[in-house]
Amino acid sequence: MNALRSWIARRLLLGVLQTAAVVLLVFGLTEALPGDAAVAFAGDQPDPQRIAAVREAMGLDRPAHERLTDWVVGLLHGDFGTSLTSGRPVAGFLADGFGPTLLLATLTVLVLVPVSVGLGVLAARHEGRLTDRLISSATLGVYAVPEFALGVLLVSVLALRLGWLPPTAVGYGTDLLAHPAALVLPVLVLLARPVCSLARLVRAGMIDALAAPWTAHARRYGIPGARIRYGHALPNALAPATQQLARTIDWLLCGVIVVEALYVIPGLGTVLMNAVADRDIPVVQGLAVVFGVATVLLNLGADLVTHRLAPRSGAAA
C-alpha cells in the first residue's frame with residue numbers, strides 16, 4: 001500500500017510539473033510569434049502614436065516576465081484573460097466551444113470502447129482465420145484514410161448523393177443534441193482511426209494473454225473458457241489499450257479542428273481557428289493551456305487505470 005501511495009504521489013507531482021511546463025511553453029511560443037500584434041490591431045497604415053496606444057492597451061509595453069506573472073496568477077484564479085478583438089473574457093469563448101466539442105468526444109468514446117474491444121476480442125478468438133484477416137485488413141485500410149478525405153467522402157455519398165444525413169451542422173447552433181442527425185457524420189469520421197488502432201491493440205493483447213502459461217494452467221484446472229477470456233485475459237489486454245484510449249480522448253478534445261471545420265460545428269476547434277485568424281493571442285493562449293492540461297490529466301488517469309489493471313507494469317513504469 002505504501003508503494004502504491006508513493007507511486008501515485010510521484011505521478012501527481014509529475015503532472016503538476018508537466019502542467020507548469022505547458023503554461024511556460026504556451027507563453028513562450030506566443031511571445032515568439034512573428035509580427036507585432038499591436039500593428040495588426042492598429043489598422044491599415046497606422047501612425048506610430050496609434051501603435052503605441054494599442055501596445056499600451058494590450059500591455060505589450062510591459063516586460064515579458066511581468067506579463068507572465070500576471071497571466072499565471074490569473075490562471076490560478078480561473079481568469080484566462082480578455083479577448084483582444086471583442087473584449088469578452090476568454091473563459092466565455094471556452095464555455096461556448098466546450099459544449100459541442102465535449103458532446104462529439106463523449107459520443108465518440110461511448111461508441112469507440114465497445115466496438116474496438118469487441119472487434120479486438122473477436123479477431124483474437126479467430127486468430128489466423130478468415131474473421132481475423134477480414135478485421136485486420138479492414139482496420140489497416142480505414143486507418144490509412146485521412147480524416148478530411150473520409151469526411152468529404154461521407155458527405156458526398158451519404159449526404160449529397162443519398163440525402164440520408166445533413167452535410168453540415170449549419171443552422172443548428174450549439175444545441176446539437178436536438179438535431180442528432182447532424183452528429184452522425186462527424187462521429188463516424190472521429191471513430192474511424194481510433195477504432196482501428198484500439199482494436200489492433202486489444203487483439204494483440206488478447207493473443208498474448210491467451211498464450212501465456214497461466215492461461216494454460218487455468219484451463220487444466222477446469223476454469224471455463226469465457227471466464228479465462230473475459231475475467232483474466234481481457235483486463236491484461238486492456239492495460240496497453242488504456243494508454244492509447246487516453247491519447248485518443250486527448251485527440252478528440254484537442255484535434256477535432258478538421259472535423260469541426262468540415263461540418264461547421266461551433267466547438268473549440270472553430271474557436272481556435274477564428275482566434276488564430278484574428279491574432280487574438282489571449283484566446284489562443286487560453287485554448288492551448290486547456291488542451292495541454294487536458295493531455296496531462298488524461299495521461300495521468302490512464303497511468304492510474306493501467307496500474308489498476310496490470311499493477312506490475314504500472315509499478316515498473
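In debye, nearest 20, what is the charge dipole magnitude of region 91-279 about its Cα centre with +1 on Lys and Arg Cβ and -1 on Asp and Glu Cβ, if you could check? Please report the intermediate quantities before stating the final value.
On the way: 13 positive and 9 negative charges, 202 e Å.
Once rounded to the nearest 20, the dipole reads 960 debye.
Working from the alpha-carbon coordinates of region 136-204, get Rg over Rh, Rh being the Kirkwood radius.
Working: Rg = 14.0 Å, Rh = 13.2 Å.
Over the Cα atoms of region 136-204, Rg/Rh equals 1.06.
Give me, ordered by chain and number, the residues 5 or more places off Thr82 or on other chains with an amide H under 5 Å from its own placed amide H.
Counting only residues 5 or more places away or on other chains, the set is Val90.
If N is the number of residues in region 93-188, what value comes out of its Cα radius of gyration divided by 2.2 N^0.38 Å? Can you show the working numbers first?
On the way: Rg = 16.5 Å, N = 96, 2.2 N^0.38 = 12.5 Å.
So the Cα radius of gyration is 1.32 times the expected 2.2 N^0.38 Å.
Across region 69-113, what fraction of all alpha-carbon pairs, as a whole percent, falls in each successive 5 Å bin from zero upward?
Answer for region 69-113: a P(r) of 5, 19, 17, 17, 14, 11, 10, 5, 1 percent.
Within region 105-174, report the chymotrypsin sites (Phe, Trp or Tyr not before Pro) that DSSP leaves as loop and that have at most 15 other Cβ atoms within 10 Å.
On the way: sites: Tyr143, Phe148, Trp164, Tyr172; in loops: Trp164, Tyr172.
Listed in order of number, the matching sites are Trp164.
Compute the projected area of the convex hull of the Cα atoms of region 91-279, averaged over all viewing directions, and report it in nm² to one decimal place.
Details: hull surface 52.5 nm².
The directionally averaged projection comes out at 13.1 nm².
Taken together, the values in this text are just the output of simple stated rules run on the coordinates, not laboratory data. Everything numeric in this text was worked out from a predicted model, so none of it was measured. Every residue, glycine among them, receives a Cβ derived from its backbone with ideal geometry; neighbour counts consider all protein chains shown.
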